[in-house]
Amino acid sequence: MPRKPRTAAGGISTESLQLGRPAAIPASPEQAKLDRVPNPHPDADYLVRFAVPEFTSLCPITGQPDFAHLVIDYVPGQWLVESKALKLFLTSFRNHGAFHEDCTVAIGKRLVKEIRPRWLRIGGYWYPRGGIPIDVFWQTGKLPQGLWVPDQGVAPYRGRG
């Protein structure tokens, strides 16, 4: 008897999604698949936030690890990013050499390309290397009028003080 295709809310086939099945960490951000699912409320402006307090990438010069706290806020259009696929995409940076600015902006641009949100911003709060913390912020689109967007909640770096 043929297997019935799995479907999620809204009737989307989940056969092509990474959700609900084993998935390997992609070898690079370029190879990572960012799955999307239909927005169940495309007529409403609301904010989706992903907080990633243990993001890791590599310095492209030294190969040493770099750490950041990322906060991704977006107002969905027709699509939502599927969270397992987002986790795998972000994890693929662990072996990827790029500067802080490149990582932060590339993540934002890739999300915009895949899910076409009404508005998106990403804050990359990078921990110090060489004594200097670097914070990187990028956004696209216009924030819908009247939408409440809380502060990203990441305090400026203060060291031990």
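The values are calculated or read from the model by the stated rules, or taken from the named source; none is laboratory data. Just so it is clear, the structure is predicted and the values come from calculations on it, not from any experiment. Quick reminder, even Gly has a Cβ in these numbers, built from the backbone with ideal geometry, and neighbours come from all protein chains shown.
Looking only at region 18-49, filter to residues that are among the hydrophobic types (A, V, I, L, M, F, W, C) and under 16 Å from LYS109 (Cβ atoms); which one of those is nearest to the chain's Cα centre (by Cα)?
LEU34
Counting only residues that are among the hydrophobic types (A, V, I, L, M, F, W, C) and surrounded by fewer than 15 Cβ atoms within 10 Å (Cβ to Cβ), which one in region 26-50 is farthest from ASN95 (Cα to Cα)?
That would be ALA44.
Being β-branched (Val, Ile, Thr), surrounded by fewer than 18 Cβ atoms within 10 Å (Cβ to Cβ), over 12 Å from the mean Cα position of the chain (by Cα) and modelled with pLDDT of 95 or more narrows it down to one residue among VAL149, VAL136, VAL105, VAL75; which is it?
Going through VAL149, VAL136, VAL105, VAL75 in turn, the sole match is VAL149.
So which residues in region 92-102 are under 18 Å from VAL71 (Cβ atoms) and either buried (at least 17 other Cβ atoms within 10 Å of the Cβ) or at pLDDT below 95 (or both)?
PHE93, HIS100
Give the residue that is nearest to PRO60 (Cα to Cα), with candidates limited to residues of region 105-139 that are basic (Lys, Arg), touching a strand residue (DSSP E or B) at 6+ places or on another chain (Cβ under 7 Å) and in contact (Cβ under 8 Å) with a residue 60 or more places away in the chain.
The qualifying residue nearest to PRO60 (Cα to Cα) is ARG129.
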